[in-house]
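The values are calculated or read from the model by the stated rules, or taken from the named source; none is laboratory data. Please read these numbers as outputs of a predicted model, since none were measured by experiment. We place every Cβ from the backbone using ideal geometry, glycine too, and count neighbours over all the protein chains shown. For the accessible areas, the whole protein counts, side chains as well, though only heavy atoms, and no ligand, DNA or RNA atoms are used. Shrake-Rupley method; radii C 1.70, N 1.55, O 1.52, S 1.80 Å.
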Amino acid sequence: MTDRPRDVFVVDAVRTPIGKYGGALSGVRPDDLAAHVVKALVDRAPGLDPATIDDVYLGNANGAGEENRDVARMAVLLAGLPVTVPGVTVNRLCGSGMEAVIQAARAVALGDASVAIAGGVESMSRAPWVLPKPERAFPAAPGTLHSTTLGWRLTNPEMPDEWTVALGEGAELIADRYGITRAQQDAYALAGHEKAARAWKDGAFDAEVVPYGTDPSALVRDESIRENTSLQALAALPPAFRKASAARWGSPGTAAGEGTVTAGNSSPLNDGAAALLLMDERGLRATGCAPLARIRSSAVTALEPQYFGLGPVEAAPRALAKAGRRLTDLSTVELNEAFAAQALGCLAGLPELDPTLVNPHGGALALGHPLGASGARITGAVAHRLAAAGSGTGLATLCIGVGQGLAVVLER
């Protein structure tokens, strides 16, 4: 142990291209996706002896399918790392990948590790259906399968109804609170697709994306970007949540009783993995690696579950305060987008945040949101942008289902 926390450096950050639901990565097991990014990090650090990696932390929100046997440890073995390298899987739902980074950074800061890998993985395409065991033996009634892809299932009946609304209905509640219109949500979504398409064209992701596969069918680019969409196309999509739930929840919706949240202004279902290589100064000296950025602070907060999307509104300022910084000190921001209404609600709740700094290369509405990987993806993206700029303070933050917020502050 050290007497004071050590500096924690992000040496590298990689991610797969993000596949769409049932798309190019749907045939790939999540443990193989995780192994891919772990191996890529090691391969990109030729001075690193893999045997010196103290631990591998990976986030995963599902854990019910092929990733069920501690996917971090599976990734270590499948990536060909020495069997002496351990691995641990953490779950904070949508924040799992960022939680993994925070836990790994804490271990390095405390001297429990000198070199660590942290990231996350999710295959929403391959999330299984589950059949609960019956309450009594030899049941006569049929059983019910539940999808583990996204959202509430097998809900505890003791939970108040208002806490267990669909995620999209939670976005509608945020739209109600801040008066966010359907037109504003669609415009935000369109801008995200345009920024993401432009970023790929300009090579903005070249430093972080490691394509999956080598044959002509390999995925080399994020699959959910709709660069040819338009406001007209987005406006034609029906509400996805409130029309069905308006009667139950008494939601006002529009004059027609419909909502504003659609498939076009919501994040899609996705598959992907991301990982970061973290070191202290001793690790840097031993490997000869140069860091992208330094992790300064982090924060986790919680709020009413139905307003989960507003988690960053408290988490971001709290993390910045720990670093002695304010929203006005930021030079780049990644705000994960579960829904356009949710992202716009966070911007409304953080009026000092310059919106032009947020998601300059597009966010999850366009790039995709593979739950357990997203927190690591956005943290790595901030690190790469700080390195490209040469200096600055960056923030990565995201909302979490069941009502939490998570944030990390990085500097260079």
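Just a few scattered comments:
- Selected residue (criterion: surrounded by the fewest Cβ atoms within 10 Å (Cβ to Cβ)) from residues of segment 239-285 that are modelled with pLDDT of 80 or more and of a type in the set (Val, Ile, Thr): 262
- The one condition in (1) open to solvent by less than 10 Å² (accessible area, probe 1.4 Å); (2) assigned to a strand (DSSP E or B) that residue 300 fails to fulfil: (1)
- Yes/no for residue 315 being assigned to a helix (DSSP H, G or I), at pLDDT 95 or above, over 24 Å from residue 93 (Cβ atoms) and of a type outside the set (S, T, N, Q): no
- Filtering segment 192-228 to residues that are open to solvent by 40 Å² or more (accessible area, probe 1.4 Å), over 16 Å from residue 384 (Cα atoms) and hydrophobic (A, V, I, L, M, F, W, C) leaves only 220.
- Count of segment 370-394 residues, restricted to those that are open to solvent by 10 Å² or more (accessible area, probe 1.4 Å), in contact with a strand residue (DSSP E or B) (Cβ under 6 Å, 6 or more places away or on another chain) and assigned to a loop (DSSP other than H, G, I, E, B), is 0.
- Only a single criterion out of (1) within 22 Å of the chain's Cα centre (by Cα); (2) free of Cβ contacts under 8 Å to residues at least 40 places away in the same chain is not satisfied by residue 199, namely (2).
- Pairs linking a residue in segment 72-89 that is over 12 Å from residue 37 (Cα atoms) to a residue that is modelled with pLDDT of 95 or more and open to solvent by 20 Å² or more (accessible area, probe 1.4 Å), with Cβ atoms under 6 Å and 6 or more positions apart or on different chains, are 81/50; 82/50; 82/51; 86/55; 87/73; 88/57; 89/70.
- Put simply, of 32, 49, 112, 43 the only residue that is open to solvent by 30 Å² or more (accessible area, probe 1.4 Å) and under 19 Å from the mean Cα position of the chain (by Cα) is 32.
- Residue check for residue 320: assigned to a helix (DSSP H, G or I) and over 24 Å from residue 179 (Cα atoms): yes
- Search result, residues across segment 29-70 that are touching a residue at least 12 places away in the same chain (Cβ under 8 Å) and polar (S, T, N, Q): 52, 60, 62
- Hey, residue 319 under 22 Å from residue 291 (Cα atoms), open to solvent by less than 10 Å² (accessible area, probe 1.4 Å) and in contact (Cβ under 8 Å) with a residue 40 or more places away in the chain or not: yes
- Sole exception among (1) within 22 Å of residue 398 (Cα to Cα); (2) buried (at least 21 other Cβ atoms within 10 Å of the Cβ); (3) among the small types (Gly, Ala, Ser) for residue 63, by number: (2)
- Single match in 26, 96 (criterion: among the hydroxyl-bearing types (Ser, Thr, Tyr), open to solvent by 30 Å² or more (accessible area, probe 1.4 Å) and farther than 21 Å from residue 291 by Cβ): 26
- Selection within segment 202-217 - touching a residue at least 60 places away in the same chain (Cβ under 8 Å) and either assigned to a loop (DSSP other than H, G, I, E, B) or of a type in the set (A, V, I, L, M) (or both): 204, 205, 207, 208, 209, 210, 211, 217
- Some residue of segment 9-23 being at pLDDT below 95, assigned to a loop (DSSP other than H, G, I, E, B) and open to solvent by 20 Å² or more (accessible area, probe 1.4 Å): no
- Matching residues, segment 146-186, being assigned to a loop (DSSP other than H, G, I, E, B), among the hydrophobic types (A, V, I, L, M, F, W, C) and surrounded by 10 or more Cβ atoms within 10 Å (Cβ to Cβ): 150, 152, 159, 165, 166, 180
- For segment 350-362, the condition holds for at least one residue, the condition being that it is under 24 Å from residue 401 (Cα atoms) and assigned to a strand (DSSP E or B).
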